[in-house]
Number of protein chains: 2
Amino acid sequence: MSIDTNRPASPADRDLRALFDPVSVVVVGASDDERKWGNWLARAAISGSRPLHLVNHTRDTVLGRLAYRSVSDIPGPVGLVAICVPARQVAAAVDDALAAGARAIVAISAGFGETGPAGRRLERDIADRVRNSGALLLGPNCLGVFDAGSGLSLTSNPLPAGRVAFLSQSGNLSLDLAGLLAEHGLGFSRFASLGNQADVDLPELLRACAGHDTTDVVAVYCEQFTDGRRFVAAARDVGKPVVLLSAGSSAASARVAASHTGSMVPASAAVAAACAAAGVHRVHSLGELADLLALLAAPARPDGRRLAILSDGGGHAAVAAELAGLSGLDVPALSAPLRARVGGHLPGHAGTSNPVDVAGGAEQDLHCLARVADDLLGSGEVDALLLSGYFGGYGEYGPDLAAAELAVAERLGDVVLRTGRPVAVQTMFPWGPVAGVLRARGIPVFRRAESATVGLGRLAPEARRRCAAADPRPAQATAATGAPSTTAAGTDYWSARQLLAAAGVPFPAAMLVDGHARLNIAAAALRPPWVLKADGPLHKSDVGGVRMGLRDSDELAAAYDDLVGRLAPAGCVLEEMADVSGGAELIAGVRQDPHFGPVAVVGIGGVYTELLADVQVGLAPLVPRQVLAMLSRLRGAALLTGVRGRGRLDLDAAAQVIALVTEVAAQHPEITELEVNPLLVTAAGALALDARIVTRPPATTQQTGDADIE
Amino acid sequence: MSIDTNRPASPADRDLRALFDPVSVVVVGASDDERKWGNWLARAAISGSRPLHLVNHTRDTVLGRLAYRSVSDIPGPVGLVAICVPARQVAAAVDDALAAGARAIVAISAGFGETGPAGRRLERDIADRVRNSGALLLGPNCLGVFDAGSGLSLTSNPLPAGRVAFLSQSGNLSLDLAGLLAEHGLGFSRFASLGNQADVDLPELLRACAGHDTTDVVAVYCEQFTDGRRFVAAARDVGKPVVLLSAGSSAASARVAASHTGSMVPASAAVAAACAAAGVHRVHSLGELADLLALLAAPARPDGRRLAILSDGGGHAAVAAELAGLSGLDVPALSAPLRARVGGHLPGHAGTSNPVDVAGGAEQDLHCLARVADDLLGSGEVDALLLSGYFGGYGEYGPDLAAAELAVAERLGDVVLRTGRPVAVQTMFPWGPVAGVLRARGIPVFRRAESATVGLGRLAPEARRRCAAADPRPAQATAATGAPSTTAAGTDYWSARQLLAAAGVPFPAAMLVDGHARLNIAAAALRPPWVLKADGPLHKSDVGGVRMGLRDSDELAAAYDDLVGRLAPAGCVLEEMADVSGGAELIAGVRQDPHFGPVAVVGIGGVYTELLADVQVGLAPLVPRQVLAMLSRLRGAALLTGVRGRGRLDLDAAAQVIALVTEVAAQHPEITELEVNPLLVTAAGALALDARIVTRPPATTQQTGDADIE
């Protein structure tokens, strides 16, 4: 378990102004050497507007400015101290800074927790000293901090100012995102490099964005969620949209993330569950992050997934509609009255369904685009509008068209404000003056239609649900409850059954049998047909350890001899065979995530579990109401609510059982995996037909006692 | 059936040089009015290098040049004639042109087949006249033609020259793609706007690319495949990579495409089957098209899906690895010897697994990137390399780094040529001088990592397969065999069964029963347990029209009375109930596509058919070998080859039955849908448990007799 239980609980709302709005800035290790961080940060700080002091242990001037030998030599008040000296000198520099009254330390220096246990101890020692003096520590192994509003500039490269806060575990990604945001006319209100999070961590930085007036949206890049549940709580409380880019769902990205941060990357399913619980938008690439931020920064956001498409060419219209469908959006047909209104602005051969194809109407009168947009968004029949095609380039044909095009761009901005519904524009001319007006009026402009549709799909709640179901990684979510790791210790079916049954999970009547005598007793007590299970191995059916449909004592005895002869199990379980006809098989599983705690997986079970990968994830424990909502979001929800003449299944009973399973797991942190599969649900109720438990191996349990992050 | 059987079979290899390399160009309808096609095309033609003549019926000069009143007034030889006059004047203009010896006509004018039957007749009449004179007709309702090599320029906007041929049903998309290709340093060898394809059509244009020396890659945008099988044959024969962007898998894009081209858009599944059969790469957006063309235009293409990632930052490395996984690529761990070799070029703390994270090594010596790239691609352990991060921007720090960076870009070009394996670069600086060198050396440069990974995923054969399985539209493929249209006429189960059984498809023993007397006879002849099916409705199980597991004559009589009482069916079928235990249920379906003919769907069947949407599509008829290959590509292939202790199923028997089903469908074009579901496959063979047929309704059959495209 990697949750650091030794870590002192941070006060929920520490004031981070000492970090983002310091009375002065000091750079320790400031340098003239252009290959050093001490040079980059000093130059950045000079470009900022805060009072600045440079410290160099051996030189009197740096970058042409007076340099002090020590922080204690500085005459004025000391606020934020950035430390860019080698790791072995950091502790002394921190002491020096604290003695001089520093309220915040930004430790750029690497060579701490990311290098191993010794570095981790050193890092913890420094963090304690800072915390005990009532100051804040960002880092170590971090790449700086930036605040546009306070004029704080402590990053290796200049960043554009704007209204997006970016909290990132990667420095280079902040430069990349800065470029992508600048293309959208956006920039950063604030940037903090997370580093090793020895003191100030992601949840605390996230919380601080709540009260930061110049931040409208928060973007996060994170590989290591030290305490995932605190992240969830902070994201839920921040009161502003949060978009998360995280890596680690692939083995390769986990490999690099491990080498990068010295920590295990949480499994993708746990991150998905956390995002669902926190209402965080999740993206998979930096480009997608920038596009979604552009849509979120607009004055209006879509309330649903109904998209109108307006185009000046059939090809753009058809491709945009195709992409909208792939992103989980609907492109609904328009009502007859709306089609008539729209058609009134257009030539007779224009397409007035949805997409609306103005078909040459724009060349005749560009203002038709604004009129149609107004009709579409004012109608209540759609939630957003995508304008796709040549718009933005008509002005190249002459001054009249150029003036008209700029006027239409302004009118589109008015339409957004009047209707409260967003417009997004795909254009071949994203750098022209029209695009500039659109961005200034809060209309995001995209070079590619797919950028707009993917982003709008992420924003529309129902579309998000659809796309989560269609996430192109069927194996991932299932992997969360998949094969146990080689170090895990599995228990037998009977023990799992006993634990769950004690909590109230219903199973068919069964008895543990060992030898023919007990087999006969059990056969007399239990109603045929029976199931005989060899107990012990986790995947009984993989080794032919389950014999079903046994109807009399001869069949039973033969099956018993076969199992014992082939598998030599510790024991066997004889169970009444449930009537599965007309029922559906579910899976209810819980996996202990090292960062997010118990994560529940609910979905279609049985032999199709892996193949369907039709599961929903959530943070355990769950209550039945939450389980029912998850079941309703399954792709195969129709299988549960009655299709093809089958009756309605007792989903309330199933939800209650699944909630019980998640509670058991949450109460037993030593259980790393707990699974009921299949859970049979029929019109008459729910019944667990198999169960398994994986517990933490003893070695790991001892490590947990050490409370060290491994 | 929309395949135009009246259309004369085009000679397989007409010489299209008269269209792309004419002795002279004539623009009929040339105009000084800047809002007219006659103005745009005349200006474009002036910019080209072919001998040019302008024709205007009323003016002596146009655009400051001599204009003729008629084509017949032109003194020199007449080659290609572009016609930009209103629809009602086109026939006369064509006659005039042919009389003057024109070898090719490009009919820009709209108002023909896309407007309805009258326009279609007019269009066909013109096409006949052109064809009878031995000339070629492009259009009508098309947007021009361009050939970089021959200096032919007849499009509304200038297009960049390069080595990509683009055959498009949309004019605006060509402008958009031109911009996207120009960003990659690419352009068009040739462009043809398809228009209504009254004479020269997509397959013919595609074939002509085979012998076009300056074309390396062919891009196609098409909504209307007049004769899909000819497209497949042409794409297979062209001998160069073909990339298809098509729209129409969503209802909305079908709506606009219908209004745009006056033709039904083929269902997405049929297009997928055609692409698989022809080896065509399929994309869903214009941006993806441009990115894939950039990868295809490079001197080396990947042979597999093993991707190495090289980065100068952990964040970029982790995100690229995540994206690679989402695109179906593998990012394999490197062997110990290769890691040692790579590590020899890098600082001690660099990540030498895959991704390789140089971790500051680039700042110390940029050449390490080329050395590592050479080791990685020369190792044989990977098929391609993605360099991701800051590369391309180091030069901003000073002249030494700038020179080193350009040298590294050149060295990367050498590595590609030496190893025969491709490099792709993601950079924050896609417009800088380093990016220019990379592109010049055949290394595609991307602003966004996802552009590179999606493209590489499309190129790697195994990755394509993976992603096809994970296509985020589970309902689409199934829709191909989904609910019949309201106008279709379904036949009863017994008829379907008789047709298929006569062809050799095995069914359980069964008898048609009507009344208790025949029921008793059947019960005596057939082994219990029985299944009783009410015959008639297509979805018997939806209405409770199937009673299973009937064991004696009492149960049977009661079930019969129930079905007859509730449903009053035309008849009932009594059938021996198959033992499904240990078996798997498949679906084998064929749908007549109006453009591609019979399209076969093979996959996991039974109640999970729609939910799993785990199907493969192919062009029918199929032979058993093809069916086996399709089954092996199913996500759930493991269910068929024996999992969880189940024995091996007789897939050869299943493949033979499925091949029979596709043959029956191919031999009966009047059957619009034919489906066996479930097809039970066990260790002992394959058995059809249900079947249905939908035939063309009489009205449509009559329309087919008219041989009109509807």
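What would the Debye equation give as log₁₀ I(q)/I(0) for the protein assembly as shown at q = 0.05 Å⁻¹, counting only Cα atoms as equal point scatterers?
Listed by q, the Debye log ratios stand at -0.44.
Once the label point is placed 7 Å from Cα along Cβ, list for B:Gly378 the distances to the corresponding points in the other copies, in nm, shortest first.
For B:Gly378, the other copies' label points sit at 6.9 nm, shortest first.
So for chain A, averaging the separation of alpha carbon pairs under 8 Å that are six or more residues apart and normalising by length, what relative contact order in percent results?
Averaging sequence separation for qualifying contacts and normalising by length gives 10 percent for chain A.
Measuring nothing but label to label, 7 Å from Cα along Cα→Cβ, what are A:Pro117's distances to the other copies in nm, shortest first?
8.8
Using only Cα atoms, what is the ratio of the radius of gyration of segment A:1-146 to 2.2 N^0.38 Å?
The reported ratio for this selection is 1.02.
Can you work out ³J(HN,Hα) from phi for every residue in segment A:72-88, in order, using Karplus 6.51 cos²θ - 1.76 cosθ + 1.60 and θ = phi - 60°, giving whole Hz and x for Gly and Pro?
5, 7, 5, x, x, x, 9, x, 9, 10, 9, 10, 10, 9, x, 3, 5
What FRET efficiency, computed as 1/(1 + (r/R0)^6) with R0 = 25 Å and r the Cβ-Cβ distance, is obtained for B:Ala557 and B:Ala509, rounded to the nearest 0.05?
0.80
Using alpha-carbon pairs under 8 Å, 6+ residues apart, how would you state the relative contact order of segment B:17-265 in percent?
RCO, segment B:17-265: 15 percent.
Using mean Cβ contacts within 10 Å as the protection proxy, how do B:133-139, A:342-348 order, highest first?
Ranked from most to least packed, the peptides come out as B:133-139, A:342-348.
Counting Lys and Arg as +1 and Asp and Glu as -1, each charge on the Cβ, what is the dipole of the protein assembly as shown about the Cα centre in debye, to the nearest 20?
For the protein assembly as shown, the charge dipole is close to 900 debye.
I'm checking a number: the convex hull volume of the Cα atoms of segment A:57-108, normalised per residue, in Å³. What is it?
83
Grab every C-alpha pair in segment B:100-252, bin the distances at 10 angstrom width from 0 up to the longest one, and report whole percents.
11, 40, 37, 11, 1
Rank A:Ala100, A:Leu245, A:Cys368 by how far each Cα sits towards the positive end of the charge dipole of the protein assembly as shown (+1 on Lys, Arg Cβ; -1 on Asp, Glu Cβ) and give me just the farthest.
About the Cα centre, the residue reaching furthest to the positive side is A:Ala100.
Grab the beta carbon distance between B:Met548 and A:Arg518, set R0 = 30 Å, and tell me the FRET efficiency rounded to 0.05.
The formula returns an efficiency of 0.25 here.
Over segment A:48-88, what is the mean sequence separation of C-alpha contacts under 8 Å (at least six apart), divided by residue count, expressed as relative contact order in percent?
28
Name the residues whose placed amide hydrogens come within less than 5 Å of the amide hydrogen of B:Ile105, ignoring near sequence neighbours (fewer than 5 apart) on the same chain.
Placed amide hydrogens put B:Val81, B:Leu136, B:Leu137, B:Leu138 under 5 Å from B:Ile105.
So, for chain B, what is the accessible surface per residue at a probe of 1.4 Å, expressed in square angstrom?
Counting only protein heavy atoms, the per-residue value for chain B is 35 Å².
Any chance you could run the full-extension gain for A:Ala407 through A:Ala684? It's 0.36 nm times the residue separation minus the Cα-Cα distance, nm to one decimal.
Taking 0.36 nm per residue and subtracting the Cα distance, the gain is 93.2 nm.
Would you kindly calculate the translational diffusion coefficient of segment B:540-654, applying Stokes-Einstein with the Kirkwood radius from alpha carbon pairs, for 10 °C and a viscosity of 1.306 mPa s, and quote it in µm² s⁻¹ without decimals?
94
Any idea how far apart A:Asp13 and B:Glu396 come out in nm if each label point goes 7 Å out from Cα toward Cβ?
3.9
Using a 1.4 Å probe on protein heavy atoms only, how many Å² of accessible area do A and B hide from each other, summed over both chains and rounded to 100?
6400
Compute and list, largest first, the equivalent-ellipsoid semi-axes of chain A from the alpha carbon gyration tensor, each √(5λ) rounded to a whole angstrom.
For chain A, the semi-axes come out at 52, 42, 17 Å.
Taking only DSSP H segments of four or more residues, each worth -39500 (n - 2.57), what value at 222 nm results for chain B once the sum is divided by all its residues, to the nearest 500 deg cm²/dmol?
It comes out at -11500 deg cm²/dmol, rounded to the nearest 500.
For A:Gly64, which inter-copy label distances result when the label point lies 7 Å beyond Cα on the Cα-to-Cβ vector, reported in nm to one decimal and in ascending order?
In ascending order, 5.3 nm.
At a temperature of 25 °C and a viscosity of 0.890 mPa s, determine how fast segment A:159-198 diffuses translationally according to Stokes-Einstein, using the Kirkwood radius over alpha-carbon pairs as Rh; express D in µm²/s, rounded to the nearest whole number.
Once the numbers are plugged in, D ends up at 242 µm²/s.
Lys and Arg at +1, Asp and Glu at -1: add these up for the other residues within a Cβ distance under 10 Å of B:Ser153 and post the number.
With Lys, Arg at +1 and Asp, Glu at -1, the net is +1.
Taking the Cα-to-Cβ direction at B:Asp128 and at B:Thr58 and moving 7 Å from each Cα, how far apart do the two end points lie in nm?
Calculated label separation equals 3.3 nm.
Ignoring ligands, DNA and RNA, please state the percent of accessible area on chain B from carbon and sulfur, probe 1.4 Å.
53
What do you get for Rg/Rh of segment B:345-398 when both radii come from the Cα atoms and Rh is the Kirkwood radius?
In segment B:345-398, Rg relative to Rh is 0.96.
How many angstrom separate the Cα center of segment B:591-633 from the Cα center of segment A:261-340?
If we compute the Cα centre of each part, the gap is 31 Å.
What FRET efficiency do you get for B:Leu417 and B:Val623 if R0 is 56 Å and r is their Cβ-Cβ distance, rounded to the nearest 0.05?
Result of the calculation: an efficiency of 0.85.
Residues with beta-carbon under 15 Å from that of B:Asp60, excluding B:Asp60: net charge, scoring Lys, Arg +1 and Asp, Glu -1?
Charge balance in the 15 Å sphere: +1.
What residues of segment B:312-339 lose no less than 40 Å² of accessible area with every protein chain in place versus their chain by itself (probe 1.4 Å, heavy atoms only)?
Those residues are B:Gly315, B:His316, B:Ala318, B:Val319, B:Glu322, B:Leu326.
The values are calculated or read from the model by the stated rules, or taken from the named source; none is laboratory data. Just so it is clear, the model here is predicted, and its values are computed rather than measured. With ideal geometry, Cβ positions are generated from the backbone for all residues, glycine too; neighbour counts draw on all protein chains shown. Ligands, DNA and RNA are excluded from the accessible area calculation, which covers all protein heavy atoms including side chains. Shrake-Rupley method; radii C 1.70, N 1.55, O 1.52, S 1.80 Å.
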